[in-house]
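So the structure is just underneath, and the comments pick up after that.
The values are calculated or read from the model by the stated rules, or taken from the named source; none is laboratory data. None of the values given here were measured: they were computed from a predicted structure. In this analysis, Cβ positions are derived from the backbone assuming ideal geometry, glycine residues included, and neighbour counts consider all displayed protein chains.
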Amino acid sequence: MPFRLWGTAAVFCLLLAGSAAAQAINQDVDRCKSNDPDARIAGCTALIQSSQDILNLDVVFYNRGNGYLAKGEYDTAIQDFNQSIQLNPNSADTFINRGIAYKNTGQFDRAITDYDQAIRLQPDSAIAYTNRGLAYEKKQQYDRALQDYDKAINLDPRAAIAYDNRGNTYDEKGDHDRAIQDYNRALELSPSFDAAYYDRGIAYESKQQFERAIADFDQAITLNPRYAVAYYRRAGVYAGLKQLERAIADYSRAIMLDPSNSDAFYNRGQAYGNSGRFKLAADDFDHVYGLDPKDAQALYLRGYSKKQAGDVAGGDADMAQARLLDPNAGK
């Protein structure tokens, strides 16, 4: 018997009262609507594989696609959104979310095409304009991005994310003061918006207002203690202020949260070297070079650090090899 995903679980149970199959189906319905991505994927998959005739199968594929989107499995999410669109080509939300998946895989033109379609289907969608603006921003088409953010804000004056994104675009254009005005508005609308504090911190850093930058990075970290890039940016400010111990502590925290951040290893290596801890510096540059054997500068600095730590032969060998890779290494 056919059923719809939203709001009909109780009806479905009544239609099949006492049926174990009905109970299982309704459990899958609940899981397919879950906020937990893994539960959502499992529940939606069970419904898709079910022998039941599901009237709104497009919503099931859409929900599962959102589960994969939340997990960062963008290609799989796109496949599910494709299925959903094939079944129902009139859902603006599906085009928006497939656009997000395309954007997150660097397919900005495809993302823009999807946002265009979402806007055709729902011309008053501030979310569609905000996301299209972000895709234009990623393509460095800043004026088109600003037009879309302006439209989003006109449609929804309380859309904090649209102000934050517009602020980022102004910041990319070098207009830090207008950027800060937008970040301020975003924070008025959403005081717990950690990314807005982080973004405003970057703008203050660009204006060399370092204490204000640190205060904003502090607040972003307070709101989100696992905000790896906030630790990384705060570390850079501390390093510039020659507060090396604080910089090292923040780089270490950023590395713990995101071990793939080779720049954090590189910059921590420099901070270790500037504080005279050359063995630790050599270890960090070794890690960076291990990730990219073509990084002549990391190899050179590993060699320099080795020499300063007492390994003259090893250091000279590294520095010579670095100069073979790039004659300008170390300059």
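Taking into account only those residues within the stretch 31-52 that are farther than 18 Å from G72 by Cα and exposed (fewer than 13 other Cβ atoms within 10 Å of the Cβ), which is modelled with the lowest pLDDT?
Across the stretch 31-52, the extreme among qualifying residues is S51.
When you scan the stretch 128-137, do you find a residue that is surrounded by fewer than 24 Cβ atoms within 10 Å (Cβ to Cβ) and of a type outside the set (A, V, I, L, M), even just one?
Yes - at least one qualifying residue is present in the stretch 128-137.
Considering only the stretch 142-168, state which residues are crowded, with 24+ Cβ neighbours inside 10 Å and charged (D, E, K, R).
D148, D164, R166
Across the stretch 192-230, what is the number of residues that are surrounded by fewer than 16 Cβ atoms within 10 Å (Cβ to Cβ) and in a loop (DSSP other than H, G, I, E, B)?
6
Do we find that D148 is over 16 Å from the mean Cα position of the chain (by Cα), assigned to a helix (DSSP H, G or I) and at pLDDT 95 or above in this structure?
yes
Please tell me if V312 is touching a Leu at 6+ places or on another chain (Cβ under 9 Å) and at pLDDT 95 or above.
Against the criterion (touching a Leu at 6+ places or on another chain (Cβ under 9 Å) and at pLDDT 95 or above), V312 does not qualify.
So, in the stretch 172-191, of the ones that are of a type in the set (D, E) and surrounded by fewer than 20 Cβ atoms within 10 Å (Cβ to Cβ), which residue ends up nearest to D218 (Cα to Cα)?
Per the criteria, the residue is E188.
Within the stretch 295-308, does at least one residue satisfy the condition of being free of Cβ contacts under 8 Å to residues at least 12 places away in the same chain and under 18 Å from G330 (Cα atoms)?
yes
Could you list all residues from the stretch 241-253 that are assigned to a helix (DSSP H, G or I) and in contact with a helix residue (DSSP H, G or I) (Cβ under 7 Å, 6 or more places away or on another chain)?
Hits for the stretch 241-253 are L244, R246, A247, I248, D250, Y251, S252, R253.
When residues of the stretch 272-304 are filtered for being in contact with a Gly (Cβ under 6 Å, 6 or more places away or on another chain) and not charged (D, E, K, R), how many remain?
Residues meeting the conditions: 4.
For the stretch 229-245, name all the residues that are within 20 Å of Y197 (Cα to Cα) and among the charged types (D, E, K, R).
Across the stretch 229-245, the qualifying residues are R233, R234.
In the stretch 106-113, is there at least one residue being surrounded by 15 or more Cβ atoms within 10 Å (Cβ to Cβ) and either at pLDDT below 95 or assigned to a loop (DSSP other than H, G, I, E, B) (or both)?
There is at least one residue in the stretch 106-113 that is surrounded by 15 or more Cβ atoms within 10 Å (Cβ to Cβ) and either at pLDDT below 95 or assigned to a loop (DSSP other than H, G, I, E, B) (or both).
Condition first: in a loop (DSSP other than H, G, I, E, B) and more than 17 Å from the chain's Cα centre (by Cα). Now tell me which residues in the stretch 69-100 satisfy that.
Passing the criteria: N88, P89, N90, S91.
State which residue pairs qualify: first residue under 16 Å from Y136 (Cβ atoms) and inside the stretch 150-166, second residue basic (K, R) in any location, beta carbons under 8 Å apart, and separation of 6 or more residues or different chains.
D150/R166; I153/R166
Please verify whether D250 is under 28 Å from the mean Cα position of the chain (by Cα) and not polar (S, T, N, Q), treating the condition exactly as stated.
In short, yes.
How many residues, within the stretch 84-102, are crowded, with 24+ Cβ neighbours inside 10 Å and either of a type in the set (V, I, T) or over 15 Å from A70 (Cβ atoms) (or both)?
So the answer is 5.
Kindly state which helices (runs of 4 or more DSSP H) lie completely within the stretch 260-331 and contain at least 2 residues that are surrounded by fewer than 17 Cβ atoms within 10 Å (Cβ to Cβ) and within 27 Å of the chain's Cα centre (by Cα).
By residue number, 278-291.
May I ask you to verify whether A195 is under 26 Å from Y74 (Cα atoms) and either among the charged types (D, E, K, R) or touching a Phe, Trp or Tyr at 6+ places or on another chain (Cβ under 7 Å) (or both)?
Here the answer is no, as A195 does not meet what is asked.
Let me spell it out: the conditions are (1) modelled with pLDDT under 50; (2) in contact with a Leu (Cβ under 7 Å, 6 or more places away or on another chain); (3) surrounded by 16 or more Cβ atoms within 10 Å (Cβ to Cβ), and M1 meets all of them except one. Which number is the exception?
Unmet condition: (3).
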